[in-house]
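Asker: Before we start, here is the structure in question, set down as structure tokens.
The values are calculated or read from the model by the stated rules, or taken from the named source; none is laboratory data. Small disclaimer: the values here were computed from a predicted structure and weren't measured. Every residue, glycine as well, gets a Cβ built from its backbone with ideal geometry; the counts of neighbours run over all protein chains shown. Just so you know, the surface numbers come from the protein's heavy atoms only, side chains and all, with ligands and any DNA or RNA stripped out. Shrake-Rupley method; radii C 1.70, N 1.55, O 1.52, S 1.80 Å.
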Amino acid sequence: MQRATLVSLLACALGACGTTPPSRFYALEPLPEAAHPAADTGGLSVNVGPVVVAEGLDRAQMVTRLGPNQLDLREYERWAEPLDENILRVLAENLSVVLGSQRIGTIPDSETHESSWLVTVNVLSFEAGTDGKATLAARWRLYKPGEQAPCTTRKSVLVAPMPSQDGAGLAAAMSSNLAALARDIAAALQGG
């Protein structure tokens, strides 16, 4: 009987100590102007996608780089949707704003079905740093309508300060980095 009581007390004690904090979920947000449809000024027609996120970063948990070759997963701070899909959606919305065009589609789900430029993106880095900044590194390619080979291949490395060190701060800084990436891509599209 004493042994059963001791086991019950130990189980209760471990149960009380074993509570975990609730997970918090965050999403990337497009430029505020995206809330209002772009005034379509006859802008370019562009399909965006695919967006491929490096496998080590393509996870629900947010990632912090602690140093060379060392990452930390924020177990209770998570992305609300698959990261590649969130990046794709926000990048397309930002390009619509920056280019002043409603003729922006995403691959594979809702392409424009017209002669369009194509933008593909490989996300190489998408993480917080211990310095309070968030870094997005992406290699992207532009394809002219109907072309099989890219006419432009570039790498953008974008860094934004995190307004806070939590998941909300990281999501805000990465949203800012995606706006800057859209501007880089738009400048190349408008020059091409």
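Asker: Can you tell me how many residues within segment 100-153 are open to solvent by 20 Å² or more (accessible area, probe 1.4 Å), of a type in the set (A, V, I, L, M, F, W, C) and either out of contact with any Gly (no Cβ under 9 Å at 6 or more places or on another chain) or closer than 21 Å to SER175 by Cβ (or both)?
Answerer: Looking only at that region, the number is 3.
Asker: May I pose another question? Could you list, ordered by first residue, the pairs with Cβ atoms under 6 Å in which the first is in segment 166-183 and over 14 Å from ARG78 (Cα atoms) and the second is modelled with pLDDT under 95 and in a helix (DSSP H, G or I), at least 6 apart or interchain?
Answerer: Between residues of segment 166-183 that are over 14 Å from ARG78 (Cα atoms) and residues that are modelled with pLDDT under 95 and in a helix (DSSP H, G or I), the close pairs are ALA182/VAL98; ARG183/VAL98.
Asker: Which condition does ALA149 not pass, out of (1) without any contact (Cβ under 8 Å) to a residue 12 or more places away in the chain; (2) among the aliphatic types (A, V, I, L, M); (3) part of a strand (DSSP E or B), if it passes all the others?
Answerer: Of the numbered conditions (1) without any contact (Cβ under 8 Å) to a residue 12 or more places away in the chain; (2) among the aliphatic types (A, V, I, L, M); (3) part of a strand (DSSP E or B), the odd one out for ALA149 is (3).
Condition check ((1) in a strand (DSSP E or B); (2) within 17 Å of the chain's Cα centre (by Cα)) across all residues:
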| position | (1), (2) |
| --- | --- |
| ALA134 | yes, yes |
| TRP140 | yes, yes |
| ARG154 | yes, no |
| ASP184 | no, yes |
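Asker: So, one more: Look through segment 59-81, keep the residues that are closer than 18 Å to ALA138 by Cα and either open to solvent by less than 70 Å² (accessible area, probe 1.4 Å) or touching a residue at least 60 places away in the same chain (Cβ under 8 Å) (or both), and return whichever of them is farthest from the chain's Cα centre (by Cα).
Answerer: ARG65
Asker: From ALA92, ALA38, grab the single residue that is of a type in the set (Gly, Ala, Ser), modelled with pLDDT of 95 or more and surrounded by 14 or more Cβ atoms within 10 Å (Cβ to Cβ). Step through it out loud before you land on a result.
Answerer: On the way: ALA38 fails: modelled with pLDDT of 95 or more.
Among ALA92, ALA38, only ALA92 is of a type in the set (Gly, Ala, Ser), modelled with pLDDT of 95 or more and surrounded by 14 or more Cβ atoms within 10 Å (Cβ to Cβ).
Asker: So, in segment 110-127, exactly how many residues are in a strand (DSSP E or B), within 18 Å of TYR143 (Cα to Cα) and touching a Lys or Arg at 6+ places or on another chain (Cβ under 6 Å)?
Answerer: Number satisfying all stated conditions: 2.
Asker: Something else about it: (1) assigned to a loop (DSSP other than H, G, I, E, B); (2) surrounded by fewer than 18 Cβ atoms within 10 Å (Cβ to Cβ); (3) at pLDDT 90 or above: which one isn't true of LEU28, the others all being true?
Answerer: The single condition LEU28 does not satisfy is (2).
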